[in-house]
Amino acid sequence: MSETPVLRVADITKTYHVNSSVLARLSRGDGRKSSLSALDGVDLQLNKGEILALVGESGSGKSTLAKILVGSTTPTSGEVDYHGAPMPLHRDKDASRRIQMVFQDPYSSLNPRISVGSMLKELLLLHKIVPRSEVRAESVRLLNLVGLEEDALQAYPSQFSGGQRQRIAIARALAVRPDILIADEPVSALDVSVQATILELFASLQRELGLSILFVAHNLAVVQHLSQRVAVMYLGRIVEVAETAELFRNPRHPYTRALIDSIPRMSAESINEEFVLEGEPPSPFDIPPGCRFNPRCPYASDACRTTDPALATVAPQHESACIRASELDVLAITLTQRTAGESAA
Ligand SMILES: Nc1ncnc2c1ncn2[C@@H]1O[C@H](COP(=O)(O)OP(=O)(O)OP(=O)(O)O)[C@@H](O)[C@H]1O
Ligand SMILES: [Mg+2]
């Protein structure tokens, strides 16, 4: 039997009730609805020692799920299990310590008035990680772990580059010895050249500390070489989940296929231009009936407009929420031929 996941969520929903301010009405466009469904029946598990990528467009609910996992938001319904046991709604200090978050913008997540050394010291003492006499050595160990030197202890966040600040934010998360990191788009705000070095840092933390990591990203390209598994989120639901290589080789949801197609390729050979994702995702105030992806899907049939599909196994360790999952390769060929015919005419 496989090992118990370190984290598991079952049938998680999150509904936000939005006040009736003019701005709220404008943003939802209809002037009537006052609640939105940010998560709508999410099932997901994080296995011990893996990096699981959570990918999807803006507004799909990635951060909401991340916040539920670290306990900073409560779900409207559903369960969160930690090592196989229900996580209490109000986590104690120890439960909070074990799941740490790394945010997109390290600058706003670090206090500019506190030096790196003071920040680490405060955490190490508060959580009784080491005795006072060992605080300095432990702080240096943490800095080295994230690729920084001892002299960073005296410095303030503003004295570092974006990539270094993210390293400090990671050191802060590691200071309390978590076993799980939830990283919410930790490289999205960084220069492309710096992104690769931070991705490598996450990979080394996984290897060296055996951490289990949920890594949130907009873009599949970012996680292709980092994660062992990928969960694709669309409008508050996981629509496909598989091991990373399998997902890229054998995508079984049209949305995933579009995300893969949108990755710029090195070699023209590997381009598989099936269809381009058009339009904005539908509003979470007004989720379409049937499959929520159907208004943007070139393969939507009548059944897709009425049946709301659940995740189902399509291959070993591979689930998709598309009722046409097994037909997609044939549908793609027909679509590509039709598009080619239209452009030739
Ligand atoms: N506190 C809140 N109150 C009301 N609505 C919210 C709140 N937080 C998030 N939402 C809404 O919930 C939906 C999901 O938001 P969330 O931030 O989880 O998406 P995301 O996938 O992280 O997007 P991004 O990629 O832009 O970070 C969005 O429609 C968002 O506007
Ligand atoms: Mg987000």
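Against the conditions (1) crowded, with 16+ Cβ neighbours inside 10 Å; (2) assigned to a loop (DSSP other than H, G, I, E, B); (3) in the same structural domain as ASP286 (by TED's automatic domain parsing), PRO264 satisfies every one except (1).
Summed over the stretch 66-117, residues that are within 18 Å of PRO5 (Cβ to Cβ), touching a helix residue (DSSP H, G or I) at 6+ places or on another chain (Cβ under 6 Å) and within 13 Å of ligand 1 (Cβ to nearest atom) total 1. Among all positions in the stretch 224-247, there is no residue which is of a type in the set (A, V, I, L, M), at pLDDT below 95 and touching a helix residue (DSSP H, G or I) at 6+ places or on another chain (Cβ under 9 Å).
Each residue in the stretch 53-89 was checked for being within 30 Å of GLU208 (Cβ to Cβ) and within 16 Å of ligand 2 (Cβ to nearest atom), and 13 of them qualify. Report, by residue number, each residue of the stretch 143-173 that is surrounded by fewer than 20 Cβ atoms within 10 Å (Cβ to Cβ), within 25 Å of HIS218 (Cβ to Cβ) and among the hydrophobic types (A, V, I, L, M, F, W, C). Once the filter is applied, which keeps residues that are surrounded by fewer than 20 Cβ atoms within 10 Å (Cβ to Cβ), within 25 Å of HIS218 (Cβ to Cβ) and among the hydrophobic types (A, V, I, L, M, F, W, C), the stretch 143-173 yields only PHE160.
Every condition in (1) at pLDDT 95 or above; (2) over 23 Å from ARG172 (Cβ atoms); (3) within 12 Å of ligand 1 (Cβ to nearest atom) is met by SER63 except one, and the failing one is (2). For first residues located in the stretch 58-70 and in the same structural domain as HIS218 (by TED's automatic domain parsing), partners that are more than 7 Å from ligand 1 (Cβ to nearest atom) and aromatic (Phe, Trp, Tyr) and lie 6+ apart or on another chain with Cβ distances below 6 Å form the pairs SER60/TYR234. The residues on offer are LEU125, LEU153, and the sole one that is more than 27 Å from PHE215 (Cβ to Cβ), touching a Gly at 6+ places or on another chain (Cβ under 8 Å), part of a helix (DSSP H, G or I) and in the same structural domain as THR197 (by TED's automatic domain parsing) is LEU153. Evaluated against (1) surrounded by fewer than 17 Cβ atoms within 10 Å (Cβ to Cβ); (2) not in a loop (DSSP other than H, G, I, E, B), LYS67 falls short on exactly one condition, (1).
Beta carbons closer than 6 Å, at least 6 apart along the sequence or on distinct chains, pair a first residue in the stretch 101-116 that is within 16 Å of ligand 2 (Cβ to nearest atom) with a second that is basic (Lys, Arg) and assigned to a helix (DSSP H, G or I) for PRO106/ARG165. Checking each residue in the stretch 89-123 for being at pLDDT 90 or above and of a type in the set (Phe, Trp, Tyr) picks out only PHE103.
Conditions tested, residue by residue: (1) within 16 Å of ligand 2 (Cβ to nearest atom); (2) at pLDDT below 95; (3) among the aromatic types (Phe, Trp, Tyr).
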{"position": "SER158", "(1), (2), (3)": "no, yes, no"}
{"position": "LEU174", "(1), (2), (3)": "no, no, no"}
{"position": "PRO178", "(1), (2), (3)": "no, no, no"}
{"position": "GLU185", "(1), (2), (3)": "yes, no, no"}
{"position": "SER188", "(1), (2), (3)": "yes, yes, no"}
{"position": "SER204", "(1), (2), (3)": "no, no, no"}
{"position": "ILE213", "(1), (2), (3)": "no, no, no"}
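The values are calculated or read from the model by the stated rules, or taken from the named source; none is laboratory data. The model shown is predicted, which means the values in this text are computed figures rather than measured ones. Don't worry about glycine lacking a Cβ; one is built from the backbone with ideal geometry, like all the others, and counts go over all protein chains shown.
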